[in-house]
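Only one structure is covered here, and it is reproduced in the block below.
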């Protein structure tokens, strides 16, 4: 890509207010670096070159593939991350590449628009499945850690859980029930609802609570569990 | 006279571990759970198909639907497989496939695409619908009989059907399926 088209891409991204490609709470281990080049010519408003907009990429796991043993084995983590999650990334990028309106959106915003039906209708299902799948798995890797490092929730989270469910054990019971009764493929979630309540819910396939309008219970996920058989 | 080599146990269509899980655990659980759900109720008097229709409840399925339909789906699935399967259909079925799809290969392509594109869990089907052959894909436990169609052949594309042998590679699983289809069991009405 020559420097002019890179500039045009960057300018375009500036106009559409680019934020990070993953939710703001995620620490990106490999941030995209943007380089601005100067051009002596005035910038045209329309570009005839097909610009390569920033695309989503598969985030690295926050830990090694064997870090979750013996609870999740190395082979499962490897296939789950390098095959299943990668496929969602590849597919969502293929869709986004065809629509300039979708380019430059961060992943959370993309999922919210999917929920509101504010995406092109001929690719809404592909976006729902793959944009959902990419966010879900990015979130999932982050909220897990190696077994020796978990000591239960503390502080404000523990208080909120106790206020909403009575106890951490009661939350686990509800969450487990949501996970085991989700028929077919899907996810179980603990979310903060728009009204500020902590609620357990589940979604089918790769739907997620950010996609308000498509799901039974919208909200911001705090915990999620992949209950697809591949997990 | 020289001794003949011993007879051999014929192979299963899938590795035994797959059967131990798919038939021994998944299918068995659907049957057990369904029986538990209908125990002591009038539903016990219904045939499996009647139970499926009733619990489908015109598109608002009741809890027993998933177990009842999955019970039938799996039974139907096993019956259409054979370790000596594969080859081609013949007679009226072959003619009907040629008429509807153009060729057997074209049919396999379309059936395979249905299986590959059923997002999440589900099934691909060859059905008789309104006197013609058609291909369907359904999510989760849904069986085309709920729409008054007659299944002729099915392929389970829930991940549990292929994960042990093919992991994420559903298309490879679908390709291999054609070596296992028992065309004698695929009967036009």
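Details
- Estimated FRET transfer efficiency (residue A:63, residue B:1; beta-carbon r; R0 51 Å; 0.05): 0.15
- Highest-first packing order for the peptide set B:141-150, B:157-166 is B:157-166, B:141-150, based on the mean count of other beta carbon atoms within 10 Å.
- Theoretical FRET efficiency, 1/(1+(r/R0)^6), r = Cβ-Cβ of residue A:93 and residue A:170, R0 45 Å, to 0.05: 0.65
- Compactness of chain B, taken as the C-alpha radius of gyration over 2.2 N^0.38 Å, stands at 1.11.
- Inter-label distance for residue B:78 and residue A:193, nm, one decimal - labels placed 7 Å from Cα along Cα-to-Cβ: 4.4
- Put in order of Cβ neighbour count within 10 Å, fewest first, the listed residues B:34, B:1 become B:1, B:34.
- At R0 = 60 Å, FRET efficiency that the Cβ-Cβ distance of residue A:118 and residue B:88 yields, to 0.05: 0.75
- Residue order, fewest to most beta carbons within 10 Å, for A:141, A:135: A:141, A:135
- Spin-label model, residue A:145/residue A:158: points 7 Å from Cα along the beta carbon direction are separated by 1.4 nm.
- From the largest down, segment B:50-114 spans 40, 27, 23 angstrom on the principal axes of its Cα atoms.
- Anisotropy class of the protein assembly as shown from Cα gyration tensor, a/c 1.5 cut: prolate
- Per-residue shielding of B:163-170, expressed as the average number of other chain Cβ atoms within 10 Å of the residue Cβ, stands at 3.
- Max mean-square fluctuation residue, GNM over chain B, Cα-Cα springs under 10 Å, options B:33, B:140, B:58: B:58
- Available extension along the chain between residue B:129 and residue B:116 is 2.5 nm, counting 0.36 nm per residue and deducting the alpha carbon span.
Read-outs throughout are calculated quantities, based only on the coordinates presented, and are distinct from any laboratory measurement. The structure displayed is predicted, hence computed values, not measured ones. We place every Cβ from the backbone using ideal geometry, glycine too, and count neighbours over all the protein chains shown.
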